[in-house]
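Encoded as structure tokens, the structure appears first; notes follow it.
The values are calculated or read from the model by the stated rules, or taken from the named source; none is laboratory data. Bear in mind the structure is a predicted one, so any value in this text is a computation, not a measurement. Don't worry about glycine lacking a Cβ; one is built from the backbone with ideal geometry, like all the others, and counts go over all protein chains shown.
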Amino acid sequence: MPQQEASSTPRSSAYLNALSLEIEKKLQRALTSACQRRNLLQELFADIALEVDDRAKDIILSREEDVISPAKYGINGQLCFYDVLADYYVRVPESGKPRLDLIVQLWSQSFASHVFALLFHKWLFEVQLDNADVLLRYSSALAQGATNVFWIDIQSNTRRFQSLFQYLLDEVALEPTQLNKISVQAQRDLYLLLSRFIFFYNSVEKLESFLKQCPTFSNAFLIGGPADILVIELADQLQKLKVEPVLLHYLLQIKVLQGMELRMATSTRLKTCLYSFTSPGGPMYPTRAVRHAAWDTLDLLFPVGRYPRRLISLLFRLLYPWYWSSSCGNFIVSCIKAVFYFLLRLIFSSWGKLREPKRA
């Protein structure tokens, strides 16, 4: 992922300043219009979450006086308005201050935390704040807002806010100097937040480093170490997922937990969570694809007791007679496919032997 400094040319700065003024106007309208407040904040959130179009990108990535002035690209080359505005407010803090003051006045409104998280997640860590109470309030708002926008990605199965996640993981959670700028409680909230979404945003390769940066939890004696806390959050997250592709993605990603040392209670919690996705019907009502993925993950992570689990599951399936016809149908289709592929392999193998030249 290419990362470059935000634009500082007069043309691009003027454009970003104009965008910032539009944000201020919409925030002021939301503050003065109680009946339209939620809609205005929702519109503002949607606007800053949009991907930068080609015309605006030409301005932001302009070339003036033979000097290239690029902006920071998002994940996979996707550049959103909140990406460039977040950099702009770090570079020009005085421009962000009036907008931040308005957001604080709208603190209790829906989408206010969303807007704060997108626009000021970098400002919070890269602009010096001396008031500990204000820093704690902003840190809590960031955790809340980031949680909300990440759930929007999950519900739509997109990665529009991945650059926000990557910043919080790479530039904050994995950087002790940045992480120590916020209170211990805020560090814990951030760790829990990232634990829930690290599998969704394809960052499992950083899992080992992430676990090493786990802050101290006051109840660690009861719940366990960093790995236990991660898995507890993951199990809770799985129970909330309703989008099939996202759930399948999680079930595939968490196979990386194989061999991880966990407490018995944590291991049982994860095993119970995965097992709940292996049977049709309530409370999870998993699809056939999810059931098979859950069985694969369960058997990989907990190979001991694999066959007794299958037998118990088969017995419980007898409690759902309305699924018998579909189960039998799927079983017959699977058998036919297996026989068909076996015959194909046999035919091609025989054909290959017939075509081999005979040795003299």
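One table, with the values for the structure above:
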read-out	value
Among the residues listed as Asp133, Asp170, Asp153, the single one being more than 21 Å from the chain's Cα centre (by Cα), of a type in the set (D, E, K, R) and more than 14 Å from Ala86 (Cα to Cα)	Asp133
Of all residues in the range 255-270 being out of contact with any Gly (no Cβ under 9 Å at 6 or more places or on another chain) and charged (D, E, K, R), the one that is surrounded by the most Cβ atoms within 10 Å (Cβ to Cβ)	Arg269
Criterion (at pLDDT below 90 and in the same structural domain as Cys80 (by TED's automatic domain parsing)) met by exactly one of Ser33, Ser7	Ser7
Residue within the range 158-167 that is exposed (fewer than 14 other Cβ atoms within 10 Å of the Cβ) and farther than 19 Å from Trp123 by Cα present	yes
Residue in the range 221-232 that is surrounded by fewer than 17 Cβ atoms within 10 Å (Cβ to Cβ), at pLDDT below 95 and under 19 Å from Asn148 (Cα atoms) present	no
Test for Leu193: is it under 26 Å from Ser276 (Cα atoms) and out of contact with any Asp or Glu (no Cβ under 7 Å at 6 or more places or on another chain)	yes
Out of Gln185, Gln166, sole residue that is assigned to a helix (DSSP H, G or I) and farther than 21 Å from Trp151 by Cα	Gln185
Number of positions in the range 130-151 that are free of Cβ contacts under 8 Å to residues at least 12 places away in the same chain and either more than 27 Å from Gln78 (Cα to Cα) or among the aliphatic types (A, V, I, L, M) (or both)	5
Breaking point among (1) modelled with pLDDT of 75 or more; (2) in a helix (DSSP H, G or I); (3) of a type in the set (Val, Ile, Thr), for Val304	(2)
Leading residue by the ranking (nearest to Asp54 (Cα to Cα)) among those in the range 81-119 that are assigned to a loop (DSSP other than H, G, I, E, B) and of a type in the set (Phe, Trp, Tyr)	Phe111
Qualifying position, being in contact with a Leu (Cβ under 8 Å, 6 or more places away or on another chain) and at pLDDT below 95, among Ala71, Ala146, Ala132, Ala117	Ala71
From the options Leu252, Leu241, Leu193, Leu179, residue that is assigned by TED's automatic domain parsing to the domain that holds Ala294 and surrounded by 17 or more Cβ atoms within 10 Å (Cβ to Cβ)	Leu241
Per-region count, the range 205-219, residues touching a helix residue (DSSP H, G or I) at 6+ places or on another chain (Cβ under 8 Å) and either surrounded by 14 or more Cβ atoms within 10 Å (Cβ to Cβ) or part of a loop (DSSP other than H, G, I, E, B) (or both)	9
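Okay, residues lined up against (1) touching a Pro at 6+ places or on another chain (Cβ under 6 Å); (2) in a helix (DSSP H, G or I); (3) among the hydroxyl-bearing types (Ser, Thr, Tyr):
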residue	(1), (2), (3)
Ala227	no, yes, no
Pro245	no, yes, no
Met260	no, no, no
Ser267	no, yes, yes
Leu270	no, yes, no
Pro286	no, no, no
